[in-house]
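See below for the structure under consideration.
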Amino acid sequence: AIVLLAGMAGVLATNSFGRLLDDFELDAVVVPILVFVAGGLYGVTAYFGLGALVHLGSRFAGSGAGYRYARHVVAFAAVPLVLSLVVWPVRLAAFGEDEFRSGGSDDGFGGSVFEAIELGAVVWACALLVLGVRVLNRWPWPRALAASLPALAVPVTAYALA
């Protein structure tokens, strides 16, 4: 459930879904279905992919923990992304379908507040990832951070390219 919901939060945060209703062939009924399907795919891919990167980084740092533990750390670190979904009903009540169109009432300060909440959830998730690697391996902070860097590069790159 964590992986699916975190994937849905990740999909909703993308620029592509922010312009989904610009295509006149799609309507608001299709949006939840696309969010569910794409979020599931996104979540599962991130679960296994980021788990592999955490495992790889941990192995290079000298960990004996297995790939399954790395995946579990990734999943539990994604809980803040799930919690970021709590603001979506407020966001939809404030902006309606404009959330899924370019331009509109969600541009400006209100939209920036919700984007800041999403970014805060991502930063929180990254911090939990480092904490999870630290606790799993009983390492000091610098070593846990170094082991987490391959996985942390993914969200940093995604936000840099957005």
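Mind jotting down a quarter of the surface of the convex hull over the alpha carbons of the chain, in square nanometres, one decimal?
Numbers: hull surface 37.6 nm².
Mean projected area of the Cα convex hull: 9.4 nm².
Taking every pair of alpha-carbon atoms in segment 1-55, give the share separated by more than 15 Å as a whole percent. List each step's numbers first, then the result.
Numbers: 737 of 1485 pairs.
In whole percent, the long-distance tail amounts to 50.
Which angle between 0 and 90 degrees, to the nearest 10, do you get for helix 109-137 versus the longest principal axis of the chain when only C-alpha atoms count?
20
Rolling a 1.4 angstrom probe over the protein heavy atoms, how many square angstrom per residue are accessible across the chain?
Numbers: 9010 Å² over 162 residues.
Accessible surface, normalised per residue, equals 56 Å².
Report the relative contact order of segment 1-76, percent, no decimals, based on alpha-carbon pairs under 8 angstrom and at least 6 residues apart. Let's see the in-between values first.
Details: 72 pairs, mean separation 27.3, N = 76.
Result for segment 1-76 is 36 percent.
Roll a 1.4 angstrom probe over the protein heavy atoms and tell me the percent of accessible area of segment 24-120 that is carbon or sulfur.
Working: 3920 of 5490 Å².
Carbon and sulfur atoms account for 71 percent of the accessible area of segment 24-120.
Can you compute the equivalent ellipsoid semi-axes for segment 96-144, i.e. the square root of 5 times each eigenvalue of the Cα gyration tensor, sorted largest first and rounded to whole Å? Intermediate results must be reported in sequence, preceding the final value.
Details: eigenvalues 275, 16, 8 Å².
Each semi-axis is √(5λ); the values are 37, 9, 6 Å.
If one takes the longest principal axis of the Cα atoms in the chain, at what angle in degrees, from 0 to 90 and to the nearest 10, does the Cα axis of helix 67-77 lie?
It is inclined by approximately 50 degrees.
Cα axis of helix 2-12 to longest principal axis of the chain: angle in degrees, 0 to 90, nearest 10?
Tilt relative to the chain: about 50 degrees.
Using 0.36 nm times the number of residues separating A94 and T45, minus their current alpha carbon distance, what extension gain do you get? All intermediate terms of the calculation are to be shown ahead of the outcome.
Numbers: separation 49, 0.36 × 49 = 17.64 nm, distance 3.15 nm.
In short, 14.5 nm is gained.
Using C-alpha positions alone, give me the convex hull volume of segment 71-162 per residue in cubic angstrom.
Numbers: hull volume 9.6 nm³, N = 92.
For segment 71-162, the hull spanned by Cα atoms encloses 104 Å³ per residue.
On a 1.4 Å probe surface of the protein chains, which of F76, F100, F24 comes out largest in accessible area, and what is the full order?
On the way: F76 130, F100 20, F24 190 Å².
Per-residue accessible area, sorted high to low, gives F24, F76, F100.
The values are calculated or read from the model by the stated rules, or taken from the named source; none is laboratory data. From a predicted model like this one, the values you see are computed outputs, not experimental measurements. Remember, those area values only see protein heavy atoms, side chains included, never the ligands or the DNA or RNA. Shrake-Rupley method; radii C 1.70, N 1.55, O 1.52, S 1.80 Å.
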